[in-house]
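Nothing in this text is a laboratory measurement; each read-out follows from the coordinates by a stated rule. This one's a predicted model, so the numbers in the text were calculated from it and none came from an experiment. FYI the Cβ positions are ideal-geometry reconstructions off the backbone, even for glycines, and counts take in every protein chain you see.
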Amino acid sequence: MLPYPQIDPVAVAIGPLQIHWYGLMYLVGIGSAWFLASRRLNKFDPTWTKEKLSDMIFWVAMGVIVGGRLGYVLFYDLPNYIANPLLIFEVWKGGMAFHGGFIGVMIATYWFGKRNGKSFFQLMDFIAPMVPIGLGAGRIGNFINGELWGKPTDLPWAMVFPPFSDPAQLPRHPSQLYQFALEGVALFAILYFFSRKPRPTMAVSGMFALFYGIFRFVVEFVRVPDAQLGYLAWGWVTMGQILSLPMIIGGLVLIWLAYHRAPAANKAAV
């Protein structure tokens with residue numbers, strides 16, 4: 001069994017002001033994505049300025065934050081937030097849903113593309129390789145918060161999470177680290193190297209949807225579902241799996257369409 005590193009979820013405290021690691025991880029993800037996007041900008045569109053890129057990153061980040069929070073509220077804990085609506089603003093305590101954030105990013109991307117002469121999938125193909133950076137950073141934030149841990153296990157890398165998080169004090173799968181490795185590191189490597197060569201429009205987006213859906217679906221088998229939801233069917237199906245299945249199907253459809261459309265429609269994406 002590995003010891004769980006006791007990290008204070010509050011990174012910096014100045015009087016009543018507290019800066020949480022969870023929030024800092026979002027800044028790390030957004031900042032790193034902006035850096036990578038700026039390095040790839042000339043290949044995407046040489047006429048775009050860094051200011052336009054910064055505008056796009058800002059709106060995409062808003063899509064992540066607003067969509068992620070609303071997605072958690074709607075998909076995972078709606079009755080609690082109806083009863084206590086002010087809890088919606090306590091984002092430093094966690095409670096962000098990737099699938100909600102993904103919808104938020106799609107809305108922001110569509111809106112920004114319409115205003116700047118880019119199609120939805122041109123922008124999504126450009127953005128997709130940067131997304132795993134934020135996903136990986138977010139999972140590290142979950143780990144520091146001691147939340148979203150896995151099922152009990154006797155594997156040698158099991159961890160006992162803090163009592164405030166897991167009163168049972170059982171050795172568990174560190175599923176946050178599994179998701180960091182898969183949704184963060186592995187997904188970034190797949191998309192980064194896949195997108196280094198010109199690909200037909202929608203192919204990179206399809207690869208993102210497909211592999212994220214697969215990785216999330218698999219990890220859900222060892223991750224404990226949210227207590228207020230539990231398992232939704234057959235004693236093993238979780239909300240995360242239900243929301244990931246359309247991504248897997250959609251990813252396969254996008255990849256098929258990308259490589260089977262008429263050549264004139266296949267404008268290469270970065």
The chain, relative contact order in percent, only Cα pairs under 8 angstrom and at least six apart counted: 20
Sorted by Cβ density within 10 Å, fewest first, the residues 1, 247: 1, 247
Cα gyration tensor, segment 159-253 - rounded (a/c under 1.5), prolate or oblate: oblate
Kirkwood-Stokes translational diffusion coefficient of segment 1-114, alpha-carbon pairs, 4 °C, 1.567 mPa s, µm²/s: 80
Residue 199 long-range amide H proximity, modeled H, under 5 Å: 269
Projected-area mean, the chain, by convex hull of Cα positions, square nanometres: 16.1
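Hey, fewest Cβ within 10 Å first, where do 76, 178 land in order?
Neighbour counts put them in this order, fewest first: 178, 76.
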Sorted by Cβ neighbour density within 10 Å, fewest at the top, the residues 10, 60, 160: 10, 160, 60
At least 30 Å along the helix axis (C-alpha) and Kyte average at least -1.0, DSSP helices within the chain: 21-44, 50-76, 239-260
Reciprocal of mean inverse Cα separation for segment 63-210 (Kirkwood radius, Å): 17.1
In segment 1-101, the trypsin sites (Lys or Arg not before Pro) that fall in loop regions by DSSP, at most 11 other Cβ within 10 Å: none
Under 21 Å between alpha carbons - lysine pairs in segment 1-149 that sit 8 or more apart or on different chains: 7
Rounded Å value of the spacing that divides the Cα centres of segment 160-196 and segment 234-262: 21
